[in-house]
Structure formats: structure tokens, C-alpha cells
Amino acid sequence: MTAEALIVKAGIATTVQDLGRVGYRACGVPHSGALDPLSLKLVNRVVGNPAGTGVLEMLYSGIVLEARGGAIRVALGGSEATIETSSGVTLRNVPRWQSTLVHAGERLRVGPIVDAAAAYLAFEGGFAIAPVLGSLSTYLRGELGGWRGRALRSGDVLPLARDALERTEQRLAEAPSVAMPRTLRVQAGPHLERFGRNALATFLERDYMVTPASDRSGLRLEGARLDHAQGYDLPSEGVVPGSIQVPGSGQPVLLVADHPTVGGYPRIATIISADLAAAGRLRIGASVRFSRVDAEEAARARDEAHAAYTRIADSLRSGRSHDTEVYPDFPP
């Protein structure tokens, strides 16, 4: 029997995600994928998986799971949280960016997610789940991909591609900075003529708060109203992740992973590619500002982000940093 992960407590919004579904936007299928692809790639690195292997994305709260049928190796990445494994005799506290072995019958708990929206749990070997349109990513509105097209529920049993291998645990010696951003860099959008004369300056000078109406399709922001000069309805056209649309309310919407493939509202700005992962970390209630950069600065930021990723991925080392036995068990 190949190892499985029994979901004992599923958390608020836990889904299977990878790096997204490529090549189907013309058919109206969103890209989806992890809100924070940087964390997904790095946590896969820790357990020895290819960068785009499917993982569990946990929003706002962690989960409890139990290893079934064999040992599993996991690692946690993304938002600050801890993982604890319990055999009913001792409990180990394992930090982020470090792999650990969970034996059959043992439970693992991911604690509260505190400093960003999402944390990621990677399994050595990944899931034994059939991809849909080339991806394991879950698109909730379309009930597509992932585990039965939906968020996980308590009692689900996820099949894994293999039992954990016998090897030394791995960790990142250089932990990435994955806290929520205070500022996101943007380039001016394609519809500036549709806004009032001072709208862009207002957008760049004020704080905006992420509202509870946000989801994996778009972060709905609240702040200074951005007035339209020529109406807010446009013929629908293709949009990309990071586009910032402004509907009739005058309040901007930042498009993220599950956004529709087309949109008909004027776009005042677009998040640069180097900051897309950071944008996906924004929690409800977070405050953010925007800073305008030109194409040359955006290209330089992209190259710097790639170099930083390579440096951190290459910091992988064997051995644990600090596993601590703390108390006998945690509640089921």
C-alpha cells in the first residue's frame, strides 16, 4: 500500500495547487496555481521534488493530517507557522523550510498562519492525482482540478505518489523573506485616459486595505476613490495576473491566481512580475501602497528576483536546524 495523507482537520481553505494551468486562457480557463509561487517552488526543493510539483496551499489556518499506509516526508514553506508531529508519545516542533519524516499512524499539525495569507505543505514525491488540463491546480469556481475540484474537507484521504525515501533531512540554510509586502511596484496600466487627471497620483500616494470580499480571483481594495473620466465599461479584453482594474465603485481590484481571463473595467496599473508572489501573500485587513517603476526598473527587478531564488534554492543543506521535543501529544 502506498502512503496516504488522511485529512483530520482541513482548515479554512486548503487546496491542491501547483504552478498553474498553462495554455487554456483562450478557452476561458484561468491560470490558477499558487498565490505565492516562490514559496511553492522552494518548499518543493526542500523535499526533493521538481519545482512545480503539487502541494497543499493553506489560507489563514493550518491543518491536521495523519500518515496512512507508509511514512511520508513533508516540509512547510510560506507564511510563518510551525509543524508539529506526534506519535502519541512525543511531539516534535519543526520549523519552516526543513523536511521531516512522519511515520504511518503519526499525526502532523500545521499551526496558525500569522504573517501572510498562505502557507504551503509539500510531500516528497507529490500526489498520485491525475492532472486536469496539464495541472493539479484547483480552480474552485469551475470545480476543476486538484482534489475533486474543491477545497479539502475533514476525512479526505489524499494518495501520495510514493512512500518517503530513507535519507537525511534537508533544510534551506538561507530562508527567503516571505512576509507580506508593505509596497508593491507597478507599471502604469493601458487605460490611463479613462481616469480623472489626478487618479494615478492618488493611487500612488494613498494606502489601500484588502477587504473581506477578496478571494483567489481578486484582492478587493478599499481606499481613496479613483474617479473615471470616460466611464468604467469597456469591451472585454484579455487580462493578466497583477492587473489592477477599477470598476464603477472607484475601488481597485488586484487580479490574482484564479482571475477571469478577460475583463471589461479600465486598468490603472499592473504589478510587475517580480512582485506577483508578494502580492499573493496579502491578507484580509492588510494595508499596501503602490510605487511606479519604468520598464527598465521592472526588468532589473525581475533579474534580481531570479538571482535571489537561485541563491536561496542553492542554500539547501543536509541536517536539521532544531527539532524540539516539547510535550507528549496534541489534541486530535
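Let me confirm something: among Arg45, Arg96, Arg73, which residue is basic (Lys, Arg), under 21 Å from Met180 (Cα atoms) and out of contact with any Pro (no Cβ under 9 Å at 6 or more places or on another chain)?
Checking each option against the conditions leaves just Arg96.
Would you be able to say whether some residue in the stretch 275-287 is surrounded by fewer than 22 Cβ atoms within 10 Å (Cβ to Cβ), out of contact with any helix residue (DSSP H, G or I) (no Cβ under 9 Å at 6 or more places or on another chain), touching a residue at least 60 places away in the same chain (Cβ under 8 Å) and aliphatic (A, V, I, L, M)?
Yes, because at least one residue in the stretch 275-287 is surrounded by fewer than 22 Cβ atoms within 10 Å (Cβ to Cβ), out of contact with any helix residue (DSSP H, G or I) (no Cβ under 9 Å at 6 or more places or on another chain), touching a residue at least 60 places away in the same chain (Cβ under 8 Å) and aliphatic (A, V, I, L, M).
Does the stretch 168-190 include one or more residues that are within 28 Å of Pro30 (Cα to Cα), small (Gly, Ala, Ser) and more than 20 Å from the chain's Cα centre (by Cα)?
The answer is yes, given that some residue of the stretch 168-190 is within 28 Å of Pro30 (Cα to Cα), small (Gly, Ala, Ser) and more than 20 Å from the chain's Cα centre (by Cα).
Quickly run through the stretch 34-61 and pick out the residues that are small (Gly, Ala, Ser) and over 16 Å from Ala117 (Cα atoms).
Gly48, Ala51, Gly52, Gly54
Exactly one of (1) over 16 Å from Leu192 (Cα atoms); (2) modelled with pLDDT of 95 or more; (3) touching a Lys or Arg at 6+ places or on another chain (Cβ under 8 Å) is unmet by Thr261. Its number?
(2)
Go through the stretch 50-161 and tell me which strands (runs of 3 or more DSSP E), entirely inside it, have 3 or more residues that are surrounded by 24 or more Cβ atoms within 10 Å (Cβ to Cβ), in contact (Cβ under 8 Å) with a residue 60 or more places away in the chain and touching a Ser or Thr at 6+ places or on another chain (Cβ under 8 Å).
Answer list for the stretch 50-161: 55-59, 72-78, 118-123.
For every residue, the table says whether it meets (1) touching a helix residue (DSSP H, G or I) at 6+ places or on another chain (Cβ under 7 Å); (2) over 22 Å from Asp163 (Cα atoms); (3) in the same structural domain as Glu143 (by TED's automatic domain parsing).
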position	(1), (2), (3)
Arg92	no, no, yes
Arg96	no, no, yes
Leu101	no, no, yes
Ala104	no, no, yes
Arg109	no, no, yes
Ala116	no, yes, yes
Ala122	yes, no, yes
Gly125	no, no, yes
Ala130	no, no, yes
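Please work out if Asp303 is closer than 30 Å to Thr100 by Cβ, modelled with pLDDT of 95 or more, among the charged types (D, E, K, R) and surrounded by fewer than 16 Cβ atoms within 10 Å (Cβ to Cβ).
No.
Only residues in the stretch 176-191 that are surrounded by fewer than 19 Cβ atoms within 10 Å (Cβ to Cβ) count as the first member; pair them with residues that are assigned to a loop (DSSP other than H, G, I, E, B) and hydroxyl-bearing (Ser, Thr, Tyr), Cβ under 6 angstrom, at least 6 apart or cross-chain, and list the lot.
none
The values are calculated or read from the model by the stated rules, or taken from the named source; none is laboratory data. Everything quoted here is computed from the prediction, not taken from an experiment. FYI the Cβ positions are ideal-geometry reconstructions off the backbone, even for glycines, and counts take in every protein chain you see.
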